[in-house]
Amino acid sequence: MPLKPLFRLFTLGAFTLFASCATTTTAQSAKESSKPKNIILMIADGTGLSQISASQYFSSQPSNYDRFKHIGLIKTSSSSDLVTDSAAGATAFSAGVKTYNGAIGVDKDTIPVPTILEQLEIKGYDTGIIATSTITHATPGSFYAHVKTRKMEEEIANNLVSSNIDFFAGGGVNFFTNRVDKRDVVMELRKKGYVIDTTRLNKTAKLDKNKRYGYLLSEGGMPSILDGRGSFLYDATKMGINRLSMNKKGFFLMVEGSQVDWGGHNNDADYLISELIDFDTVIGQVLDFAGKDGNTLVIVTADHETGGFTLAADDGDYNKIKPTFSTGGHSATMVPVFAYGPGASEFSGVYENTEIYHKMRMLLNL
């Protein structure tokens with residue numbers, strides 16, 4: 001299907017009305033040099049500059065990436081490879097260490113390292129994880145689990161039980177119920193006090209600040225946008241913010257648009273761009289919340305770029321863009337970091353991916 005008709009069909013009307021443009025004020029500028037109460041870290045897996053540019057060229061709405069003033073670049077190599085994978089990339093964000101490809105919350109010697117979620121939970125913060133992959137996938141798993149390899153998704157699910165995450169939403173119910181060891185990890189979560197739903201997001205439910213919530217809404221990863229996922233990421237993020245913001249101490253929420261990466265691996269431009277536009281719309285919601293709240297730092301970045309994606313002129317026609325790919329894997333290019341809110345100015349410049357963790361920790365006085 002040609003790109004332009006595809007994105008006419010890709011309707012955002014149900015929720016784009018929330019993505020209004022932010023206005024810059026003197027008060028906001030002052031806030032950007034202060035300390036945040038909350039942090040929302042948004043990771044569009046596999047997203048480089050060309051993917052972000054696609055949100056400007058192929059969406060019917062203005063790109064929410066355009067709303068940021070503070071922009072940096074991170075170097076993404078892991079300890080084992082010049083080209084990182086998502087596990088090592090996410091562990092750099094969650095724990096501030098360079099580790100080997102495939103590592104989940106462990107250092108290069110496979111020793112568990114504390115994540116920012118775990119450190120904040122000890123301090124009384126509420127925490128949340130949302131992804132369009134399985135909730136046990138490399139990126140979300142790296143924020144709460146400690147295993148030698150990302151392939152151990154059943155063990156990563158076990159780590160979720162032992163964590164104290166207050167809100168999570170994604171796919172992967174098979175790693176909790178249809179297991180080799182026959183454990184029913186959903187039941188274990190319920191026994192621990194979680195309200196678990198494996199059928200739908202109940203958007204009208206009245207959330208309780210004293211309860212933890214988990215949504216496992218597909219056997220594996222969530223469906224793609226093109227296959228009918230709808231507004232899951234937007235709705236889950238809204239619910240997560242509503243629940244976590246009940247904590248007067250503060251909260252940390254990680255939101256992953258997992259399938260931008262999958263579109264890149266498939267060299268499928270329609271898949272990639274539809275996922276990126278979905279993620280961009282969620283950025284709009286989060287920025288609107290942060291603008292009203294005044295105490296929330298929003299960081300938007302990626303663990304790496306996927307596909308060697310570029311927006312080339314089509315057969316020399318400089319008025320026609322042809323998305324192209326140079327690889328079915330990841331690339332070593334730097335990826336951008338966008339920041340808004342208290343402490344946003346700290347994220348300008350060029351630095352290693354591990355600095356995302358250290359900057360967040362510094363701003364939260366951990």
With a point put 7 Å past each Cα toward its Cβ, work out how far Asn266 is from Asp66 in nm, to one decimal. 2.9
Quick one: which residues, 5 or more positions from Thr127 or on another chain, have an amide H under 5 Å from its amide H? H modelled 1.01 Å from N in the peptide plane, none for Pro or chain starts. Asp166, Phe167, Phe252
Of the range 114-142, those with amide N under 18 Å from the point 7 Å along the Cα→Cβ vector of Ser162 are 114-122, 136-137, 141-142
So what's the back-of-envelope 222 nm ellipticity for the chain, counting only DSSP H runs of four-plus at -39500 (n - 2.57) apiece and dividing by all residues, rounded to 500? -9000 deg cm²/dmol
Calculate the spin-label point distance for Lys108 paired with Lys211, positioning each point 7 Å from the Cα along the beta-carbon direction, and give it in nanometres. 4.7
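Which of the trypsin sites (Lys or Arg not before Pro) across the range 90-132 are loop residues per DSSP, with 16 or fewer other Cβ within 10 Å?
Working: sites: Lys98, Lys108, Lys123; in loops: Lys98, Lys108, Lys123.
Within the range 90-132, the qualifying trypsin sites (Lys or Arg not before Pro) (loop, at most 16 other Cβ atoms within 10 Å) are Lys108, Lys123.
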Modelled label-to-label distance, His358 and Lys75, 7 Å Cα→beta-carbon offset: nm? 1.2
Taking placed amide H atoms and a strict 5 Å upper bound, the residues 5 or more places from Gly308 or on another chain that come that close are Ser326, Thr327, Ser331
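Hey, got the dipole for the chain? About the Cα centre, +1 on K and R Cβ, -1 on D and E Cβ, debye to the nearest 20? Intermediate values should be presented prior to the final figure.
Numbers: 36 positive and 39 negative charges, 277 e Å.
Here the chain has a charge dipole of around 1340 debye.
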Give the residue from Phe289, Gly46, Ala145 lying farthest towards the positive end of the charge dipole for the chain; charges sit on Cβ (+1 for Lys and Arg, -1 for Asp and Glu) and the dipole is referred to the Cα centre. Phe289
Sequence-distant or interchain residues sharing an amide H contact under 5 Å with Gly221, placed H: which? Thr134
Quick one: putting +1 on the C-beta of Lys and Arg, -1 on the C-beta of Asp and Glu, what dipole do you get for the range 252-321 around its Cα centre, in Debye to the nearest 20? 280
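What FRET efficiency comes out for Lys249 versus Thr333 if R0 is 41 angstrom and r is the Cβ-Cβ distance? Round to the nearest 0.05. Display every interim value, and only then the final one.
Details: r = 38 Å, r/R0 = 0.92.
The formula returns an efficiency of 0.60 here.
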Which of Met222, Met239, Met187 has the fewest Cβ neighbours within 10 Å, and the rest in rising order: Met187, Met239, Met222
For the chain, built as a Gaussian network whose Cα springs stay under 10 Å, the top-fluctuating residue of Ala332, Ala145, Ala92: Ala332
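Computed from the coordinates by the stated procedures, all read-outs in this text should not be read as laboratory data. Only a predicted model underlies this, so the values are computations on that prediction, with no experimental measurement involved. Every residue, glycine as well, gets a Cβ built from its backbone with ideal geometry; the counts of neighbours run over all protein chains shown.
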